[in-house]
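The values are calculated or read from the model by the stated rules, or taken from the named source; none is laboratory data. All figures in this text were calculated on a predicted structure; none of them were measured in a lab. Because the Cβ atoms are built from the backbone with ideal geometry, glycine has one as well, and the counts that use them run over all protein chains shown. Heavy atoms of the whole protein, side chains included, go into the accessibility calculation; ligands, DNA and RNA do not. Shrake-Rupley method; radii C 1.70, N 1.55, O 1.52, S 1.80 Å.
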Amino acid sequence: MSIVTLRFFIFTAVACAEYWLCPRRGRWVVLLIASGLFLVVNTGLHPAVSAVFVGEVLLTWLAALAVRRLSGERLRTAVAGGTVVLLAAVLILYKDLLFFVSNINLAGALIGRNPGLTVPQWPSPFGISYFTLILIGYLLDVRWGTVEEPERNPLKMLLFAGYFPQMTSGPFTRYGDMATALFAGAEWSWKRFCFGCERFLWGLFKKLVVADRMAVAVAALYSGTDYTGLWVPVAAAAYIGQLYADFSGCMDIVIGISEMFGVPLAENFRRPFSAVSLSELWRRWHITLGAWVRDYLMYPVLKSGWMKRGRSFCRKRLGKKASREIPTYIGMFITWFCVGFWHGGSWKYIFGSGLFFFAMIAGGMLLDPVFKKLIALLRINTEAWSWKFFRQARSFVLFAAAVSFDRRDSFGAGLAAWKSALTVWNPGALRHGAILQLGLSGMDLVICALGFGAILAVSMLQERHGGVRELLLKQNRVFRWLVYLGLLGAVLFLGCYGPEWGEAEFIYANF
């Protein structure tokens, strides 16, 4: 059940009405039932698939209770560590087994002994990439004492991990931030409910009016080998535009729905294209995933015993500076590899959403003294607007180039495409109405341009004034309603509906 269908809208409206009509103590039960129905519908009514989710939640619930009650640090660490490994193994089994099978077959073929391994065809549990990391984070928080008292009610644990607005594409939530709002029941607030509706409508605008329309052109640009040379960066820019409108629109929808229930969800975007570096852009792009890998992967790796021994070895052999930098780069490499691997068990994801960023960020850190000397030599005014704009444009170009690998059929196809961008000279590629041959009419292109203009305007208002909804609330009633009705009209009359468009799933739902 896609969250941009009429069926889901009716489902949400009924759940919301029952939630607020129910006594405050029992509201979490309404959310639990709604989340259970949403999970069952999205797993195609396969009990075994739903059982994977329930089993992982109950395993994590029991492990957290055991970690709190057991005596002895080693035993607690063993229980927590073993459960984390098991949860990660189940995730790999369902989502990334093809990566290992294909690479084993490839390695065997290189030595003349292809084992011929195949991947079983079984349905993947809905939202497993998201609820698995949420459960791992919860268990580690209990082990480290961040969550002082683990959840004792297994049904509440099921709700925390399977809260339906976050099951499609996140964000990654934490127990300490969610427990009170989920289980205690929120007090009714007309303002908060209206704000949720506005956020929901804005997300629909991004998805249905902009992202799904851009998807047609992006699909054409990535459909074959005809679009080479200048078309490659055009395709990368088009895809990153579609991806941003799609993913941020999804976050607006689910955060808005959750606001209607009085449950705040973490923000996942903060105007990423105003960033002046790749590392800053990533921190603004997928905020909760970045925070998750930082707190539950990178920091534990850097604090691990083998990393401490590595620092000691580097200090003795290579000096103090190397003992600080080398372990940091190793930790960064592991982190970015895992980020890419989470996006998909393929080298195109490992590179495009992982190792490319490691190479750029680590390279920037290593060459920072050289860059500073070059800036001083050229007498560049780093406070000038033009310098900031250059850094923003550079970050956008590198980000788009990297993520474009995710859209290609394979890592090799991505390399071939960018090789053609550097070797094929076709400056006239965009002439003679070539853009109109990508499946979009002139009116569609105008709508996309105006849609991106609206998204940019809202981002600029957020950068300058903070909350746009609060700013809109201060305006005259007539102006406010013109904005509301204009946005609603755009979604109803300009949204991509009907058989000629099809029902486009959110891109990050595939991850």
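If you go through the range 259-281 and keep only what is under 16 Å from Ala245 (Cα atoms) and open to solvent by 20 Å² or more (accessible area, probe 1.4 Å), you end up with Glu267, Phe269, Arg270, Arg271, Phe273, Ser274. Helices (runs of 4 or more DSSP H) fully within the range 399-511 that include at least 2 residues being open to solvent by less than 30 Å² (accessible area, probe 1.4 Å): 411-423, 442-465, 477-494.
Please work out if Phe126 is at negative phi, in contact with a helix residue (DSSP H, G or I) (Cβ under 8 Å, 6 or more places away or on another chain) and open to solvent by less than 30 Å² (accessible area, probe 1.4 Å). Answer is no for this residue.
What residue, of Tyr175, Tyr163, is open to solvent by less than 10 Å² (accessible area, probe 1.4 Å), modelled with pLDDT of 90 or more and more than 23 Å from Tyr244 (Cβ to Cβ)?
Residue meeting the stated conditions: Tyr163.
The residues listed here are Phe164, Phe100; of these, the one that is under 22 Å from the mean Cα position of the chain (by Cα) and not small (Gly, Ala, Ser) is Phe164. Restricting the range 182-204 to residues that are among the hydrophobic types (A, V, I, L, M, F, W, C) and open to solvent by less than 20 Å² (accessible area, probe 1.4 Å), the residue that is modelled with the lowest pLDDT is Ala186. Pairing residues of the range 89-103 that are in contact (Cβ under 8 Å) with a residue 12 or more places away in the chain and open to solvent by 40 Å² or more (accessible area, probe 1.4 Å) with residues that are not charged (D, E, K, R) and not in a loop (DSSP other than H, G, I, E, B), at Cβ distances under 6 Å and at least 6 apart in sequence or on separate chains, gives Tyr94/Ile128. Residues in the range 227-238 that are open to solvent by less than 10 Å² (accessible area, probe 1.4 Å) and either at pLDDT 95 or above or in a helix (DSSP H, G or I) (or both): Val232, Ala235, Ala236. The set of residues in the range 301-312 being farther than 17 Å from Met365 by Cβ and surrounded by 14 or more Cβ atoms within 10 Å (Cβ to Cβ) consists of Val301, Met307, Gly310, Arg311.
Among the criteria (1) assigned to a helix (DSSP H, G or I); (2) open to solvent by 20 Å² or more (accessible area, probe 1.4 Å), the one Leu208 does not fulfil is (2). Mind listing whichever residues of the range 104-119 are in contact with a helix residue (DSSP H, G or I) (Cβ under 9 Å, 6 or more places away or on another chain), open to solvent by less than 60 Å² (accessible area, probe 1.4 Å) and touching a residue at least 12 places away in the same chain (Cβ under 8 Å)? Result: Val119, single match.
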